[in-house]
Amino acid sequence: SQQGEEDPQALSIQEGENATMNCSYKTSINNLQWYRQNSGRGLVHLILIRSNEREKHSGRLRVTLDTSKKSSSLLITASRAADTASYFCGSPTGNQFYFGTGTSLTVIP
Amino acid sequence: SQTIHQWPATLVQPVGSPLSLECTVEGTSNPNLYWYRQAAGRGLQLLFYSVGIGQISSEVPQNLSASRPQDRQFILSSKKLLLSDSGFYLCAWGEGGGNTIYFGEGSWLTVV
């Protein structure tokens, strides 16, 4: 079963704008992770945020976590055409690892 | 460093034919291994995971099976493919304990 849902399902922005995508999850988590998938490729890990953290930064990425609302958001600042990809949130539950449904981001040059 | 290899990259198979997708990991020992399926434009569905040799857990009942004959080898199989088995199959590995998992490049399966 899938752990969560990403919102929106698809997002189209102009280069230079910020992109925000949200993830809601169902069960308690130890950490939540964001991955990127270029079309037809495997997923690449972007960032991990632990359940006791509220915000984390990595380059142009900013991730927030609200465990009371069971939600997380990924912000990509100053987007580039190369950021065009699908983005998934995922979290481990025991030895399983479940992902959300993904947000397809298109950055228009 | 650790690497994961998955093959074949692309496969076109007739309905009713068998399937074997293979995944191997290098540079680590006793990894957790995972098989996911992704339908076109959709999310990832966890099919199988394994925490050790010969230990397979199935998430979804179906005509697919998985095996782990060696510590760093994970195989996805089917005796008779269905049209609905078409999709993008991804192998992944992780160290367990809630850590990050890392993906192979995927295998495109088209059943015709």
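A short reminder: the numbers here are calculations on the coordinates, not readings from a lab. Nothing here was measured: the structure is a model prediction, and the numbers come from that model. With ideal geometry, Cβ positions are generated from the backbone for all residues, glycine too; neighbour counts draw on all protein chains shown.
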Averaged over its residues, how many other protein chain Cβ atoms are within 10 Å of peptide B:41-50's Cβ atoms?
5
Under 20 Å from A:Lys26, Cα to Cα: lysines that are on another chain or at least 8 residues apart
A:Lys69, A:Lys70
Within 10 Å of each Cβ in A:26-39, how many Cβ atoms from other chains are there, averaged over the peptide?
2
Evaluated over chain A, the Cα radius of gyration and Dmax, each in Å
13.1, 42
Residue-count net charge about B:Ile75 - beta-carbon cut-off 11 Å; Lys, Arg +1, Asp, Glu -1
0
So what does the Cα-only Debye profile of region B:3-111 read at q = 0.21 Å⁻¹, as log10 I(q)/I(0), no solvent term?
-1.12
Computed on Cα atoms, the radius of gyration and Dmax of the protein assembly as shown in angstrom are 17.4, 50
Taking only C-alpha pairs under 8 Å that are 6+ residues apart, what is the relative contact order of region A:1-102 in percent?
38
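Roughly how many debye, to the nearest 20, is the charge dipole of chain B about its Cα centre, given +1 on each Lys and Arg Cβ, -1 on each Asp and Glu Cβ, and no other charges?
Around 300 debye, computed over chain B.
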Assuming 1.002 mPa s and 20 °C, estimate D for region A:1-63 with Stokes-Einstein, Rh taken as the Kirkwood radius over Cα pairs, in µm²/s.
159
Net charge near B:Asn32, counting Lys/Arg +1 and Asp/Glu -1 over other residues with Cβ under 15 Å of its Cβ?
-1
Of A:Gly16, B:Gly52, A:Ile47, which is farthest towards the positive pole of the protein assembly as shown's charge dipole, taken about the Cα centre with +1 and -1 on the beta-carbons of Lys, Arg and Asp, Glu respectively?
B:Gly52
